[in-house]
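In what follows, a single structure is set out as structure tokens and then discussed.
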Amino acid sequence: MSSHSAGRERERVLSDSSEMSRRMHSLDWSTTVVSLPEVGPPTPKTAVQIMLTSRPSMSVWRSEQLTNLNNDFLCIRHAAALAQPAAAVWLEISDQIGPCAVSAMRCEEGTYGEALPVIMLRKGYQEETYVTFSYNPKGTRRGQSGVAPRRGSYGCGA
């Protein structure tokens, strides 16, 4: 793909005017373990487009490292989380939700948790909250998968 057509594809994938879309435009993707899904199979592109335009908090995790891409509604808490490993972004709950993501990716079968009680760092202090999430495998390239987690919180708000 020429650099001109790659630029047009980037514009198409990141066509909304959200804060995370702007951050994705400006990120030097060569410093990350994944590339912006501007080339290659359509599934990662579609997952990123859906995530960026969704109102609920949503992330897409890519690669074996579960590299985090998130929308504006998670940006409030995780402004520096773009293209970081999910285990670092969700450090306080990664031991509870991480195995589900890995299972979805390796087994290529969706999984979810409903009203799972977790202790999360929110608004500067640890707080018990109840999260609902799902992990759905998304094919990327031959034999590789990414995971598209979607989260919602109950009770105290995310």
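The values are calculated or read from the model by the stated rules, or taken from the named source; none is laboratory data. From a predicted model like this one, the values you see are computed outputs, not experimental measurements. We place every Cβ from the backbone using ideal geometry, glycine too, and count neighbours over all the protein chains shown.
Can you tell me which of L121, L66 is surrounded by fewer than 18 Cβ atoms within 10 Å (Cβ to Cβ), out of contact with any Ser or Thr (no Cβ under 7 Å at 6 or more places or on another chain) and at pLDDT 80 or above?
Within the list L121, L66, the selection yields L121.
Can you say whether R151 is modelled with pLDDT under 80, touching a Pro at 6+ places or on another chain (Cβ under 9 Å) and of a type in the set (D, E, K, R), as far as the supplied structure shows?
Judged against the criteria, R151 is a match.
Could you list, in sequence order, all residues of segment 1-39 that are modelled with pLDDT of 60 or more, closer than 20 Å to D72 by Cβ and part of a helix (DSSP H, G or I)?
E19, M20, S21, R22, R23, M24, H25, S26, W29 - these are the residues of segment 1-39 that are modelled with pLDDT of 60 or more, closer than 20 Å to D72 by Cβ and part of a helix (DSSP H, G or I).
Within segment 104-125, can one find any residue that is aliphatic (A, V, I, L, M), part of a strand (DSSP E or B) and in contact with a Leu (Cβ under 9 Å, 6 or more places away or on another chain)?
yes
Take the residues of segment 40-67 that are part of a loop (DSSP other than H, G, I, E, B) and hydroxyl-bearing (S, T, Y): which is farthest from R22 (Cα to Cα)?
My answer is S63.
Among the residues in segment 131-138, are any within 24 Å of E19 (Cβ to Cβ), among the aliphatic types (A, V, I, L, M) and either part of a strand (DSSP E or B) or touching a residue at least 12 places away in the same chain (Cβ under 8 Å) (or both)?
Yes; the residues of segment 131-138 include at least one that is within 24 Å of E19 (Cβ to Cβ), among the aliphatic types (A, V, I, L, M) and either part of a strand (DSSP E or B) or touching a residue at least 12 places away in the same chain (Cβ under 8 Å) (or both).
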